[in-house]
Amino acid sequence: MQHVVEQVLQAESEAKARIDAAKQRAAETRAAADSSVAELVASVRERSTAASAERLERARGQARELLAQARAEDEAAGAALLESAAARTDGIVSRIVALIRGQPG
């Protein structure tokens with residue numbers, strides 16, 4: 001009977017050791033997985049940040065180009081408006097001079 005009790009206690013001890021070893025392996029596996037996931041998340045975040053910065057810089061470049069184009073168009077329109085106004089002014093002045101000289105406009 002004593003021998004049977006010792007065998008049962010030995011079996012329980014071995015089972016507990018196996019369970020503890022399995023728990024330890026599971027904890028190590030979980031820690032390794034957590035570390036891998038953290039590295040992956042950091043890598044993805046870094047690539048995402050770099051891609052966002054690149055898109056932002058491209059958008060800023062396009063905005064600068066559009067602004068320069070709009071300014072050039074505004075300057076051209078302003079110059080055309082000044083030329084038109086100068087031509088009209090010259091025409092009006094010519095008519096006024098002609099009226100003053102007594103010539104029909």
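The values are calculated or read from the model by the stated rules, or taken from the named source; none is laboratory data. None of these values were measured; they are calculated from a predicted model. We place every Cβ from the backbone using ideal geometry, glycine too, and count neighbours over all the protein chains shown.
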Scanning the range 63-89 residue by residue, those under 33 Å from the mean Cα position of the chain (by Cα) and either exposed (fewer than 10 other Cβ atoms within 10 Å of the Cβ) or small (Gly, Ala, Ser) (or both) turn out to be Ala63, Ala68, Ala70, Ala72
Checklist entry - Is there a residue being of a type in the set (Lys, Arg), more than 39 Å from the chain's Cα centre (by Cα) and surrounded by 10 or more Cβ atoms within 10 Å (Cβ to Cβ) anywhere in the range 19-26? => result yes
Taking the range 67-105 and the residues there that are out of contact with any helix residue (DSSP H, G or I) (no Cβ under 6 Å at 6 or more places or on another chain) and not in a helix (DSSP H, G or I), the one that is modelled with the lowest pLDDT would be Pro104
